[in-house]
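A short write-up of the structure that comes next.
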Amino acid sequence: MNTPTSHLLDPGFDLTLRPMRYPQFYEMYRDAIRNTWTVEEVDFSLDVNDLKHKLGPAERHLIERLVAFFATGDSIVSNNLVLNLYQHINAPEARMYLSRQLYEEALHVQFYLTLLDTYLPDQNARAKAFDAIENIPSIRAKAAFCFKWIDSLQGLKRIETREQRRQFLLNLICFAACIEGLFFFAAFAYVYYLRSRGLLHGLAAGTNWVFRDESCHMAFAFEVISTARKEEPELFDEELGREVVRMLEEAVECEMQFADDVLSGGVAGLSTRDMRQYLQYCADQRLAQLGMPRHFGSTNPFGFMDLQDVQEVTNFFERRVSAYQVGVQGEVAFDAAF
Ligand SMILES: [Fe+2]
Ligand SMILES: [Fe+2]
């Protein structure tokens, strides 16, 4: 049972949906339900031909590394969601959103599993891709960065003290800003670069859906953070700001190690310098979303990403708009508190 003075980060498992304390989370849940897609709708048939006949060795290396990252990325996010976030965000309407997000992460895992099965017909190559977090240093480094932040909260059953709540906020910021908002955005940039070269449209079409989902996951996390900030402003001091900048700098370096590897074959039109600038631009965007000053001052060097900054993505090559919504009929609105 919540009281008028209770906070979103107070420990417990509140069950009170009415009166609803945070209708914004419920609305985000409803929006997510309206944006349902399935892996079966993605057509990989053109990609198979591109892989066989159109990709050179440098692009082939890029795509091998990319699918190896995708093989485990969303599973790591799912684990943190269950182990760390669900436990500590204490409002049933927010937990409805997290449940929905967990489903979407499973969908992403299914999407990338299907992608790997399609792209890598050879069993050994497949097994190697799923083992990448053990065997490919640039992917192992990104995973280690994630695990470090998962572990930072693992022992905490209740976040009572100021220090514990800041630990929680840093984990949430890490997963939204650095993992969904930077590691995944970098991966999307490689996909859209290939699409701009006329390659792998099946992957790009599925990526549109994943991109939109990830943008919503970030929006939810940032809303949780700004709610916690309104309720407990003392948690957000200069030290927290400095820690977030340090975390983003580390994430950029981690992703750059991956970029050096991904682009090591020399991919025409995509340099590691541009990639660094893009990552810094993304990091600044995340800081702005957190209400913090920009740190890197970089602009977006990738014209092919411009289109992707809007939530509803239409593409010339696609057969339909990815703002498609599953049939939700009638009005099921009981928004007013009672
Ligand atoms: Fe995901
Ligand atoms: Fe996500």
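Summary of values
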read-out: Average projected area [Cα convex hull, segment 52-309], square nanometres; value: 13.3
read-out: Accessible surface, per residue, of the chain when the full set of protein chains is kept, probe 1.4 Å, Å²; value: 44
read-out: Extension gain, residue 36 back to residue 151 (0.36 nm per residue minus Cα-Cα distance, nm); value: 38.2 nm
read-out: Nearest-ten-degree value, helix 272-289 long axis tilted from longest Cα axis of the chain; value: 20
read-out: Only Lys, Arg (+1) and Asp, Glu (-1) charged, at Cβ; the chain dipole about Cα centre in debye; value: 180
read-out: Estimated distance in nm for a label pair at residue 196 and residue 58, the labels positioned 7 Å out from Cα along Cα-to-Cβ; value: 1.5
read-out: Spin-label zone in segment 118-140 - amide nitrogen under 17 Å from a point set 7 Å from the Cα of residue 48 along the C-beta vector; value: 118-123, 126
read-out: Label-point separation in nm, residue 288 to residue 131, each point 7 Å along Cα→Cβ; value: 4.4
read-out: Degrees separating the helix 23-34 axis from the principal Cα axis of the chain, which is the longest one; value: 30
read-out: Förster radius 30 Å - calculated FRET efficiency between residue 18 and residue 243, Cβ distance, rounded to 0.05; value: 0.20
read-out: Residue 103/residue 268 FRET efficiency (R0 45 Å; Cβ-Cβ; nearest 0.05); value: 0.70
read-out: Highest-first arrangement of 5-12, 218-225, 185-192, where packing means the average Cβ count within 10 Å; value: 185-192, 218-225, 5-12
read-out: Span from the segment 272-290 Cα centroid across to the segment 25-78 one, whole angstrom; value: 22
read-out: Folded to 0 to 90 degrees: helix 184-196 orientation relative to the chain principal axis, Cα; value: 40
read-out: Cα→Cβ-extended label distance, 7 Å offset, between residue 158 and residue 295, nm; value: 3.3
read-out: Carbon and sulfur %, accessible surface of segment 52-309 computed with the full protein complex present, 1.4 Å; value: 52
read-out: Cross-link reach list, lysines versus residue 148, counting only Cα pairs under 30 Å and skipping chain neighbours closer than eight places; value: 128, 157, 230
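The values are calculated or read from the model by the stated rules, or taken from the named source; none is laboratory data. Bear in mind that the values here come from a model prediction, so they are computed numbers and not experimental data. Quick reminder, even Gly has a Cβ in these numbers, built from the backbone with ideal geometry, and neighbours come from all protein chains shown. The accessibility values were calculated without ligands, DNA or RNA, using every heavy atom of the protein model including side chains. Shrake-Rupley method; radii C 1.70, N 1.55, O 1.52, S 1.80 Å.
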